[in-house]
Structures are given as C-alpha cells and as structure tokens.
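Structure record follows, encoded as structure tokens.
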Amino acid sequence: NHGYLMIKVKKRKILLLPGDGIGPEVVGEVKKIIQWFNSNKSLDFEIDEDLAGGASYDKHGTPITDEVFYKALESEAIMLGAVGGPKWDNLEFAKKPERALLKLRKELKLFANLRPAICFKQLVDASTLKPEIVSGLDIMIVRELTGGIYFGEPRGIKPIDNGERKGINTHIYTSSEIVRVAKVAFDLAKKRSNKVTSCEKSNVMESGQLWKEEVQALHDKEYKDVELIHMLADNCAMQLLRNPKQFDVIVTDNLFGDMLSDEASMLTGSLGLLPSASLGAKNKDGKMRAMYEPIHGAAPDIAGKGIANPIAAILSFAMAMRYSLDLDKEADDLEKAVQDVLDEGLRTKDIVSKGTKEVSTTQMGDAIISKLQ
Ligand code: NAD
C-alpha cells in the first residue's frame, strides 16, 4: 500500500447460447468477432458458452438447465443463436426448445423487444417493394414483450350452452407496463431521428385508449422535444407498405408488435440480415438485463452446410455493444464493417445475385473481421 489505488476492472461477461440448427454456425462467427475485439481493442469480454433448446434437451432432458439460467442472470449480455427443429417437434410443451427462450424472456423480464428493419442499399432488389420505397429504410420497432393478450387472464377454452365452446383471451395493460416500454421508445428516438409513432386500436379497445393516454402523458411530462404521432395499428400496417420511410421508432403492444415487426422485416427482403434485442428491467446494481438474437430461426434446411448468413447474428452483437456494453463507437465500427463487405459484393447464398460473389458462413465472418482491421 504505497498510496496507489489498484482498480480491478470487472470483466464483462457475455453468455453465448448457440442453440440448434444454424445457431452454432452463426454464433461461431460472433465469437470470432468478440475475440477480435478482445485482442485488438483491449476489450475485456469474458465469453462463456452453453447449451439451450434442443441441444440442451438432448444432453440434459430440459431445454434450459438451472445452471445455464443462473449464468444468464449473471451475464451483462446474452447472445442467442436460434432454437428448434423437426427433431424436437413432438415433445411435450414444457420440453420444447422454444421454452428456453420463453423462460429467459419471462424470468429476466425482457419487456422491450427492439427490431430494426434496415434496408441495405446494396440489397434493395431483395425486397418485394419498389427500390425507391425501401432504399435507405431504417425503422426501429419497439414491441412490448411480456404483457398484453398473450399473457392476460382470464384465458382458456370453455364449454358453453348448447354444446358450443368459447375461447377467451384478455388484452390487458397497466399504466406502468405502458410507460416503461414507451420510455425505451422515446429514449431510442432521441438517438435517432427523434420521432415516435405509437400504435394501438384506441377506436375499438379500452386497453388501446389507455395506451394512447399514457404514452401522450409521458410525452408531455418528459419527452416534449420528441415528435409523437398516434396511429391506429391497422393504418400502420398499411402505411408500412405505402410509405415506410415516414417512420423512425414505432412503439406498440405485444400483439400488434408481433405482426408489424414481421411485416417490417419483410420490407427488407432478407431474414439473414436482421438483428434484435430484448431489454429488461434494471437489476439491483443498475444494470439492464438483455438478450440479443437474430430474428431468423434455426433453419434446419441449411444447417451444417456452412452457408448460413451470419450477418443477423453479428449485427445482434453490435446491438449488444450499443445497448448493454456502452460501446457505441465499436458498434458503429462493426456495422460499418458489415456495410463494407456488402459494398465489396460478398454475399452468402441467401442474398447472392448476379455480379456478386458467393461466400460461406466463415468466409463472411472473416471478411467482416478484415474490414474491422
Ligand atoms: P427459419 O427462420 O429458421 O427459416 C426460414 C427460411 O429462411 C429457411 O429457408 C432458412 O433456410 C432461411 N434462413 C433463415 N435464417 C437464415 C440465415 N441466417 N441464412 C440463410 N438463410 C436463412 O424459420 P422456420 O423455418 O419457420 O423455423 C425453423 C425452426 O426454427 C423451427 O423449429 C422454429 O420453431 C425455429 N425458430 C426459432 C426461432 C428462435 O430461436 N428465435 C425463431 C423462429 C423459428
């Protein structure tokens, strides 16, 4: 003790859950990129890797073990590949690979699902819409993920008179559930084009009316400087096809978000390119829990062939750097590297077109790393 203070920097723990199908192939490329940042930018990521989904079921008889779940709780960011596949389709509900995802979302309280829909200028032809409608598109959809009609009670199928049955689901939101997800949307908009479109069906649903009132009240109280537009969800579905570039951030509930985010992702034409983030509440140390994953699934039809597109997974890691690890500059660099590789005409099989060069999953990862260099 000579008056020097030894500051021990805690390593940032990232948990990789590659999962099934092409999951291990695309997450393998993410791992190479994390290792590159560790070696070349003196970053201190500590990588842990474990089983989830069908892979976990095969070894442990459960889609996610308690041990892995606790690791997830301890990590600053979770990078998931994808889970599922025909091999596990006939398992009982509680053992299905998807339960791993649902458990993580629920227990980590990942209430805000961020899905960017970006149309890379190099790939405008992959969209089913006219190039001028989608070129340069950059939308962020914020979907509420832990409430609403998918979880509301009462629910069920019940017998009624005269031999008929009725199916019941309840679309329910509390003020605080609405406010916390709207805050995420407003904060994001401030870092982007400063515009939020909030979607509900306030014309026919009370929960939609509450949604609209709470978002407006939060805006008036804390986010007056952000432009706020209320739009009926059905109109939003139509506007996304008519003139998608009018949107910056869209915030909406679980049900409408499910549909609108899928619709928006199709505008960009390629599943293999789109990342996502699911953000949760802050823990007692003030750290936000979060999970990052490509929007595509396990793609069993191409698994093991070395042709999967790793870009969605790699861009998911860029989101992790931006939202969980405070590394905005590094996230920008990684996104730029992806753009550069596309500019150069390198393509995996799913996006290859005339005049471009087809590369494998690992070649794509290597090319992105060489651009980082
Ligand atoms: P999918 O996204 O796995 O595949 C749809 C199509 O897109 C396939 O033809 C596939 O080859 C292609 N594709 C997807 N990602 C690609 C990539 N990175 N590079 C190149 N091509 C790619 O959807 P699906 O076929 O409906 O589902 C397959 C399995 O994945 C099912 O078991 C399903 O339950 C599961 N799934 C998991 C998740 C998840 O883990 N979050 C999401 C969706 C589906």
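The values are calculated or read from the model by the stated rules, or taken from the named source; none is laboratory data. All of these numbers come straight from a predicted model, not from anything done at the bench. Virtual Cβ from ideal backbone geometry, glycine too; neighbours counted across all protein chains shown. Only protein heavy atoms, including side chains, enter the accessible area calculation; ligands, DNA and RNA are left aside. Shrake-Rupley method; radii C 1.70, N 1.55, O 1.52, S 1.80 Å.
Here's the list of lysines a cross-link from LYS158 could span, going by alpha-carbon distance under 25 Å and ignoring same-chain residues fewer than 8 apart: LYS166. Counting only protein heavy atoms and using a 1.4 Å probe, the accessible area of GLU25 comes to about 40 Å². The residues of the stretch 123-177 have, on average, 59 Å² of accessible surface per residue, using a 1.4 Å probe with all protein chains present. Note on the chain: semi-axes of the ellipsoid equivalent to its C-alpha gyration tensor, largest first and rounded to whole Å, are 32, 26, 25. Sorting THR65, THR252 by accessible area puts them as THR65, THR252; the probe is 1.4 Å, largest comes first, and only protein heavy atoms count.
A Gaussian network model of the chain, with springs between Cα atoms under 10 Å, assigns the largest mean-square fluctuation among PRO24, PRO131, PRO244 to PRO131. Anisotropy class assigned to the stretch 155-270 is oblate, per the alpha carbon gyration tensor with a/c at or over the 1.5 cut-off and a/b no larger than b/c. Among ASP125, ASP301, ASP48, the residue with the largest mean-square fluctuation in a Gaussian network model of the chain, with springs joining Cα atoms closer than 10 Å, is ASP301.
The stretch between GLU227 and LYS87 holds 45.6 nm of extra length on full extension. This uses 0.36 nm per residue minus the Cα-Cα distance. GNM on the chain, C-alpha springs below 10 Å: top fluctuator among GLU144, GLU153, GLU293? Among GLU144, GLU153, GLU293, the largest GNM mean-square fluctuation belongs to GLU153.
Surface composition of the stretch 1-155: carbon plus sulfur atoms hold 52% of the accessible area, using a 1.4 angstrom probe and ignoring ligands, DNA and RNA.
Label reach from GLU206 (point 7 Å along Cα→C-beta): in the stretch 129-157, amide nitrogens under 20 Å belong to 147-156. Sequence-distant contacts, meaning Cα pairs under 8 Å at least 6 residues apart, place the relative contact order of the chain at 20 percent.
Please say if the stretch 170-226 is rounded, prolate or oblate, where rounded means a/c under 1.5 for a ≥ b ≥ c the square roots of the C-alpha gyration tensor eigenvalues, and otherwise the choice is prolate for a/b larger than b/c and oblate otherwise? Verdict is prolate for the stretch 170-226. A cut-off of 5 Å between modelled amide H atoms, ignoring neighbours fewer than 5 places along the same chain, links LEU16 with ASP48, GLU49, ASP50, MET79. GLU46 sits with roughly 80 Å² accessible to a 1.4 Å probe, with DNA, RNA and ligands left out of the calculation. In terms of Cα to Cα distance under 16 Å, which lysines are near enough to LYS87, apart from those fewer than 8 places away along the same chain? By straight Cα distance, LYS87 reaches LYS59, LYS95, LYS96. To the nearest 10, the accessible area of LEU101 is 30 Å² with a 1.4 Å probe.
Pairs with C-alpha atoms separated by more than 22 Å, drawn from the list LYS349/LYS371; LYS71/LYS282; LYS31/LYS71; LYS32/LYS354; LYS71/LYS191, are LYS32/LYS354; LYS71/LYS191.
Using a/c under 1.5 as the rounded threshold, could you call the stretch 22-80 rounded, prolate or oblate? The axes a ≥ b ≥ c are square roots of the C-alpha gyration tensor eigenvalues, and prolate needs a/b larger than b/c, oblate otherwise. Verdict is oblate for the stretch 22-80. Each helix, a run of at least 4 DSSP H residues, gives -39500 (n - 2.57); summed and divided by the residues of the chain, these come to -12500 deg cm²/dmol at 222 nm.
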